[in-house]
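The values are calculated or read from the model by the stated rules, or taken from the named source; none is laboratory data. Note that the coordinates shown come from a computational prediction; the quantities given were computed from them, not determined experimentally. Glycine also receives a Cβ, built like all others from the backbone with ideal geometry; neighbour counts cover every protein chain displayed.
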Amino acid sequence: MAAYLGVDVGGTKTALRLEADGHAAVESVVRWPVGGGVRHDLGVLARAVREVCAGRPVLTAVGVAMPATVDGAGRVVGWPGRPSWTGLDLGAYLRELFPTARVSWADDGDLAAVAEAAVAGRRDVVYVGVGTGVGGGIVLDGRPLPGPGRGSCELGHMVVDRAGPACDCGRRGCVQAVASGPATLRRAARGRGVGEVSAAELRQAWLDGAQWARAAVRDSADAVALAVVGVAELLGPDVAVVGGGFAVGLPGYAAVVAEHIRASARPGRPGPAVREAVLGPLSSLSGAVLLARDQLAEAQPADSD
């Protein structure tokens, strides 16, 4: 009996989805402990895996969506969102955590792009996920770019404003520095002029049409649009998909991105159509499940000999 686990590792939380033949899918979301460091994070992840898998068939394959930069040897070489993970031998840890399963990992934005392209039936897609950070992925002619063994598509670190705010990667004006959830909330707080602004407060103010909220969100959407326009000039994707928990939580965010893309278009290059993520904030998690299924599919011919 086949059992697949998808794990979407995030900057503030991690989502898991277990699918097994003949069983209902099981999902769980756990938040990282504040200031706990990598050891605490991995302990939280291990407990979450045990809870999700309890009473279920033995895992056959696992797919992991990662926002961190992971080198070819499986070691985390950079993750500004959770710097304590830098240096972690991710491959060794996952093999220890899942000793009986085939395990693979990939960039969370790349997996989200694959999942959104699959559910939409599209072969040329650029995906931008706006959450704690900004991730992204590109599917061209049905295949993710830049391709296996060539790293990931870091749309969040495209520079859209040379004089923009500092990014946690060390540069200035990256899409992530302008458009991520935390960056947008900080800008909203400055615009309101009183204390911090929570995601829930921003959402309500956005729906109410408050000027400070609209200005903060529109700056975020503009940065995302500029990144999409840049990709479109190079690759000409049919569709731009906007997802991620922060963007999905703001009704009409994708429409504002589309508006900015139209305003940035040049004659003969109107830019891609813009769609909100069909899978909502679960694009990367769905991609991780697909990655797990692909692991099993690759194994079956060899196993049948």
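What's the number of the condition residue 115 fails, among (1) assigned to a strand (DSSP E or B); (2) outside the structural domain of residue 286 (by TED's automatic domain parsing)?
Answer for residue 115: the failing condition is (1).
Any residue in the stretch 263-281 that's assigned by TED's automatic domain parsing to the domain that holds residue 232: show its pairings with residues that are among the polar types (S, T, N, Q) and surrounded by fewer than 18 Cβ atoms within 10 Å (Cβ to Cβ) at Cβ separation under 9 Å, as long as the two are six or more apart or on different chains.
Pairs found: 271/264.
For the stretch 178-186, does any single residue satisfy the condition of being small (Gly, Ala, Ser), outside any loop (DSSP other than H, G, I, E, B) and free of Cβ contacts under 8 Å to residues at least 12 places away in the same chain?
No; the residues of the stretch 178-186 include none that is small (Gly, Ala, Ser), outside any loop (DSSP other than H, G, I, E, B) and free of Cβ contacts under 8 Å to residues at least 12 places away in the same chain.
Considering only the stretch 55-73, state which residues are buried (at least 16 other Cβ atoms within 10 Å of the Cβ) and within 26 Å of residue 132 (Cβ to Cβ).
62, 63, 64, 65, 66, 67, 68, 69, 70
Identify, from the list 67, 33, 83, the residue that is in contact with a His (Cβ under 8 Å, 6 or more places away or on another chain) and outside the structural domain of residue 155 (by TED's automatic domain parsing).
Of 67, 33, 83, the one residue that is in contact with a His (Cβ under 8 Å, 6 or more places away or on another chain) and outside the structural domain of residue 155 (by TED's automatic domain parsing) is 33.
I'd like to check something: does the stretch 228-246 contain any residue that is surrounded by 16 or more Cβ atoms within 10 Å (Cβ to Cβ), in contact (Cβ under 8 Å) with a residue 40 or more places away in the chain and under 16 Å from residue 186 (Cα atoms)?
yes
Pick from the stretch 177-196 the residues that are touching a Ser or Thr at 6+ places or on another chain (Cβ under 9 Å) and of a type in the set (Val, Ile, Thr): which of them is nearest to residue 216 (Cα to Cα)? Show your work before the answer.
So in the stretch 177-196, the residues touching a Ser or Thr at 6+ places or on another chain (Cβ under 9 Å) come out as 178-185, 187.
Now drop any that are not of a type in the set (Val, Ile, Thr), which leaves 178, 184.
Details: 178: 10, 184: 6 Å.
Once the filter is applied, the top-ranked residue is 184.
Only one residue in 162, 122 is within 17 Å of residue 232 (Cβ to Cβ) and of a type in the set (Lys, Arg), so which one is that?
122
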